[in-house]
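The structure appears right after this line, and notes come after that.
None of the figures in this text is laboratory data; all of them are computed from the coordinates on show. What you see is a predicted model, and the numbers here were worked out from it, not measured in a lab. Here the Cβ positions follow ideal geometry from the backbone for every residue, glycine too, while neighbour counts run over all protein chains shown.
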Amino acid sequence: MEIFIQLIINGCLTGTTYALMALGLSIIFGTLGLINFAHGDFIMLAMYGGFLISLFSGMDPYLGLFIMLPISFVLGVGLYRVLFKRLIDAPEEAHIIATFGLSFVFQYGAMLLFSAEYKSVSTDYSADVFHIWNQYIDYPHIYGAMAAVILIALLISFLRYTNTGRAIRAVSEQRRGAMMIGINVHKIYAIAAGIGLCCIAVSGVSLITFESVHPTIGVHFNLLCWIIVVLGGIGSIPGTIVGAMIIAVLEMLVGYYFEPTLTTFAYFIMFLAILMIRPSGIFGIKERRA
Amino acid sequence: MKRAFTNYVVITMVCLFILPFGSFAMADAGSKTVKIGVILPLTGPQAPIGREVLRGIEVAADMVNDMGGIWNKQKISLVTGDAANSESARTETERLITVEKVKLLIGVYSSSLAFIVHPIADKYNVVFWETNAIADRLRQMGHENTYFFGPMASGWGSQAADCVVELIAPKLKKDPKELKIAVVYQGTEWGKSLSHDGFVKRANELGLNIVIDAPYDPNTMDFSSLILKIKRTNPDIVHTQNYLDDGYRLFRDARKNGLNPKVWIADGCPWAYVDEAFQKFGDDMNYVLDLNQVAGGNIWSLSPTTQSQYREFLDRYTKKYNVKSVAASSDVAVGFTSAIALFEHVLPAAGSLDPKKIAEVVNDLSLPATSTARPGGIKFAPQSDPVQAGQNIRAGVVARQIFNKKYYTVWPKDSAEIEAIFPAPPFGKRAFDDKNLEMLIK
Amino acid sequence: MKITTGQRLQSYMKDPLVLFIAVLGILPLFSSHHFYLQMLTLVFLFAFFSEAWNIISGFGKQFSLGHVAFFGVGAYITGILYSDYGISPWIGLVLSGAFGVLLALLIGFATFRLRAFFFTLSTIACAEALRVLVTYWRLGSSGLGTTIPAVNGLENLTFSHEICYTYIAYILLLVVVFVTYRITKSRIGYYLLATGGDEEAAKSLGVNTYRIKLAVFAISGFFTAIGGGFYCMYMRYIEPSMVFAVDFSVQFAVFAIVGGLGTIAGPILGSVILIPLSTFFRSWIGGLFTPIGFLIYGIILVIIILFLPGGLMKGISIVKDKIVQKINNPQE
């Protein structure tokens, strides 16, 4: 029983990390309808961002967010203007190939800039473990979970209580309708892309406190985030969180009680099974067409 | 009109097709350089390590060139091929051999890629100098001109098992058969052939007690479940074999879940980047036993010339690539030691890149452990050997214990620098005072 | 009106595509260099895969990125049967095809209810699940990787000269092009196009879209699996992470989309241009700066997609229209 609780705790903590990673994708895909296959590489770049800031200023990576968030927002808006804007009306396959090309650019660009060595950040709490009732929880994960909770709370309240947030929801639900009532769709899209990149920045920073970064780390994140977002239901933030938790806890349980080599197999099968029962994901709205 | 258009389209397409073909520059033969092909993964997921090996080889070539080159002052020029995946491994090898006309190839680091690259080199009768592909089966494929400078999986694995019996058990003051050993490795060709087919097999022969034999998916983000599974068996020794990513995660999760084995054996490369590891784990890195094919820490036991050569390599490496770390990672050293052995001991004696002459030289080669920074020495098995054809039979591994960002060779006995210290204290209490070390230095 | 074989042949001859493919077929005879032959083999092989992928994903608009599942299953069936049981790879190829069909029906059954991107992602999930499963199975057996013994001979599908592989790949390409052509001209093809265009509308016209998609997916899976078997015999070494890499599916898609999705010539054009291009970029700079080539390759991909959304075939047809216009009205 003790071990079971430990597994669940570990699963939930990993789950919040996953949720944090998938949030940016959930927003960009949910609002813009953009299929971003370079998402993992965006996270990789954000991790490098966190690394660079703490390298040059010696700050805690989380404090570095004050610098990174504005930059990410501007980058998101810029990226939308330059690239995403042209893509969102193109067919899906164009999204996939273009973002795939983008991921090449990011990966190999990072390889040239940072070489291929592994980089990481050490913080005062890197080694600290919270020990209670025979359960072990490490601080980097606790802080990551706290960051996730704060970010999610901010996001949900932003989407619910501000005019821009409401406009984002309106656009993501019905683009044409939103246009008709006078919402500047392109502006909203640009803001959503900026917010998406901010989420990615937060996840990158929280990851760098307990992971090492190297140029090809994003390849594996990419599929994971996609599975989570689709499992939870597109455009639904609670869905993304639930999806992340399911996958992380399942990985833990399968890894312990069954086979460590089959953890990914378990969640792929779980994903397929859930989609067979609920074709739009757990929290997905049925039959919505872009 | 229609016909004219059709012709136009066909011509355009053919032109488009031919264009990239024509732009592969043909090699100019007869210049005063010796062309040597280097085939390594330089892009894609294996690039981090492939690039490190390449750096080592580049430094070795620079050193030889600055000393005046080989054979009547000819300089070595390296031509690289990028073996990122199976097709590119095949086409790039073919390109190096047929377009660039190289007569000798160094590479390819990964066993999986070696299975594809070696047959092609063999087809053209090109000498292949393998730096570190370890899979045993590679030695049994009947490629006459392929030489393996690094150790083979079964040899490496069984040496690791011997290390448990010879070094660790006496230190823990226990009968080796009483020790509980957990074996964890990534579920890849590399992991399986070393840990499962090498270490576990030998351990069973020696009658050691393997409590868990667990391959894992290297993409796992959090290893807590595996660690808890290992923790339940309460092992004295954890033998891990992994790359950087999974290695760091495994160690991180062991620490976080309070798995405190008396000995943590790291077989493979993560702890080779010792600065990065200390950056991540701080003092908790102390006492880790790093089993590897490169002895950075045993410089003092080498012959004076090899010693100064290795120092020069470290110096040049840090300068050339602007690396801050003092110790080169094991992959750079693997690239360097393999290449320098070839440039120094084989090529000058052979006088040309002719496979027959190289084979003669390699067969007669017999160098003691003091003549290379790779542990063991150099002596190749004949190509007629059914099990280890072309294998450097003296290639071995050394065990180094890590204390405060430094490696100290502890095994095998004749090249040991200090006495190993086991059991390791639990995580969090692993700070180590360098003064204690001075007493241990032999 | 009945069309005779002669007339049909004549109409084929006029098609620039046929000329193009014929030119490609002659090329190997002129490239004495093994390296170029090998590149041609890869060009044909990937054109073949891309074409097979294009049947379901281009014409049927069912965007699958899980085709590597068929590829890997084909490679494994052929490879294991030959290396472990000594069964001729020709039989292996046939069995691969059969298993490809079975797998396609299974995956199709599970995923065709899903819409658009959900379908794409679940095909990836299927392929990845298979990769993990095969890894698990191979870890428990003698060795993770499987080497194919090299015994030259037609019955072993192993040759000493590269040109044999090149022409086998070429024949595979011819077969898949022919089948695609016949499908597009058949009733199934029209139904498929209708399904790809607007599934609801096709359904309301009484097309059993589910069955059409399943049938075409099976054809596509059949060819991909056979190609996987051939790839295994060509590389002579397979490993789960190698033959089940999602990168393969993405490559099939990239070639078809860059060439022109939903056209017969598109996938061929795409691989004819992109494979030599990426090979060139791989060896362009060399050394530690090899990634620069791929950085540029990535930028080229993005630019093609942004400025030529219909792929190169679209570009060609634009050029063609302009020329025709100029010839018809030289004054303008």
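Numbers below:
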{"read-out": "Between 0 and 90°, nearest 10: helix B:2-22 axis offset from chain B longest Cα axis", "value": "50"}
{"read-out": "³J(HN,Hα) computed for each position of the stretch C:316-323 - Karplus, 6.51 cos²θ - 1.76 cosθ + 1.60, integer Hz, glycine/proline x", "value": "4, 5, 5, 4, 4, 4, 4, 5"}
{"read-out": "Inter-chain shielding of B:383-395 (mean C-beta neighbours from other protein chains, 10 Å cut-off)", "value": "0"}
{"read-out": "Simple label model, 7 Å out from Cα along Cβ direction - C:Ile87 to C:Ser204, nm", "value": "4.9"}
{"read-out": "CD proxy at 222 nm, helix term only [per DSSP H run n ≥ 4: -39500 (n - 2.57); per residue of chain B; nearest 500]", "value": "-11500 deg cm²/dmol"}
{"read-out": "Average partner coverage of A:207-213, which counts Cβ from other chains inside 10 Å", "value": "4"}
{"read-out": "C-alpha long axis of helix B:330-341 to longest principal axis of chain B, angle in °", "value": "60"}
{"read-out": "Residues of type lysines that A:Lys187 reaches as a straight line, Cα spacing below 27 Å, ignoring anything fewer than 8 places off in the same chain", "value": "A:Lys85"}
{"read-out": "Cross-link reach list, lysines versus B:Lys180, counting only Cα pairs under 22 Å and skipping chain neighbours closer than eight places", "value": "B:Lys171, B:Lys192, B:Lys201, B:Lys229, B:Lys231, B:Lys256, B:Lys262"}
{"read-out": "Extension gain (nm, one decimal) between A:Lys85 and A:Leu113, 0.36 nm per residue minus Cα-Cα", "value": "7.3 nm"}
{"read-out": "Percent of C-alpha pairs per 20 Å bin, the protein assembly as shown, short to long", "value": "12, 43, 35, 9, 1, 0"}
{"read-out": "Entries in B:Lys173/B:Lys429; B:Lys35/B:Lys123; A:Lys119/B:Lys75; B:Lys320/B:Lys413 that, when Cα-Cα distance is taken, lie over 26 Å", "value": "A:Lys119/B:Lys75; B:Lys320/B:Lys413"}
{"read-out": "Sequence ranges C:259-266, C:313-320, ranked by mean other-Cβ count within 10 angstrom, highest first", "value": "C:259-266, C:313-320"}
{"read-out": "Per residue, the convex hull volume that the Cα atoms of the stretch C:5-328 enclose (Å³)", "value": "173"}
{"read-out": "Partners for C:Lys61 among aspartates and glutamates (Cα-Cα distance below 13 Å; same-chain residues under 8 apart left out)", "value": "A:Glu92, A:Glu93, C:Asp198, C:Glu199"}
{"read-out": "For peptides B:281-289, B:345-353, sequence by mean Cβ density within 10 Å, most packed first", "value": "B:281-289, B:345-353"}
{"read-out": "Part-to-part distance (alpha-carbon centres) for the stretch C:87-163 and the stretch A:132-151, which is given in Å", "value": "42"}
{"read-out": "Placed amide H near B:Gly390: partners under 5 Å, 5+ positions off or other chain", "value": "B:Ala381, B:Gln383, B:Asp385"}
{"read-out": "Size of charge dipole - the stretch B:177-272 - debye, nearest 20, with Cβ of Lys, Arg +1 and Asp, Glu -1, no other charges", "value": "400"}
{"read-out": "Computed P(r) (all Cα pairs; chain B; 10 Å bins; percent)", "value": "4, 21, 30, 23, 12, 5, 2, 1, 0, 0"}
{"read-out": "Beta bridges per DSSP with both ends in chain B, % antiparallel, nearest 5", "value": "25"}
{"read-out": "Per residue, the convex hull volume that the Cα atoms of the stretch B:339-412 enclose (Å³)", "value": "101"}
{"read-out": "Furthest towards positive pole of dipole, B:Val127, B:Leu113, B:Met67, structure part chain B, Cβ charges", "value": "B:Leu113"}
{"read-out": "Gap separating the Cα centres of the stretch B:78-146 and the stretch A:8-27, nearest whole Å", "value": "42"}
{"read-out": "Residues whose placed amide H lies under 5 Å from that of B:Val410, excluding near-sequence neighbours", "value": "B:Ala399, B:Arg400, B:Gln401, B:Glu417"}
{"read-out": "Compactness of the stretch A:132-248 as Cα Rg over 2.2 N^0.38 Å, two decimals", "value": "1.25"}
{"read-out": "Interchain or long-range residues, amide H under 5 Å from C:Gly66's placed H", "value": "C:Ile124"}
{"read-out": "The protein assembly as shown: antiparallel DSSP beta bridges as a percent of all, rounded to 5", "value": "35"}
{"read-out": "Calculated from backbone phi, Karplus (6.51, -1.76, 1.60) coupling profile of the stretch A:264-272 in Hz, x at Gly/Pro", "value": "5, 4, 4, 6, 5, 5, 4, 4, 5"}
{"read-out": "Residue-by-residue Karplus 3J(HN,Hα) for the stretch B:251-256, coefficients 6.51, -1.76, 1.60, Hz, glycine and proline x", "value": "5, 4, 6, 5, 5, 5"}
{"read-out": "Positive-end residue, chain A charge dipole about Cα centroid, Cβ charges, pick of A:His214, A:Met270, A:Ala90", "value": "A:Ala90"}
{"read-out": "Highest average packing first - C:78-89, C:174-185, A:107-118, Cβ atoms within 10 Å", "value": "A:107-118, C:78-89, C:174-185"}
{"read-out": "Folded to 0 to 90 degrees: helix B:47-66 orientation relative to chain B principal axis, Cα", "value": "70"}
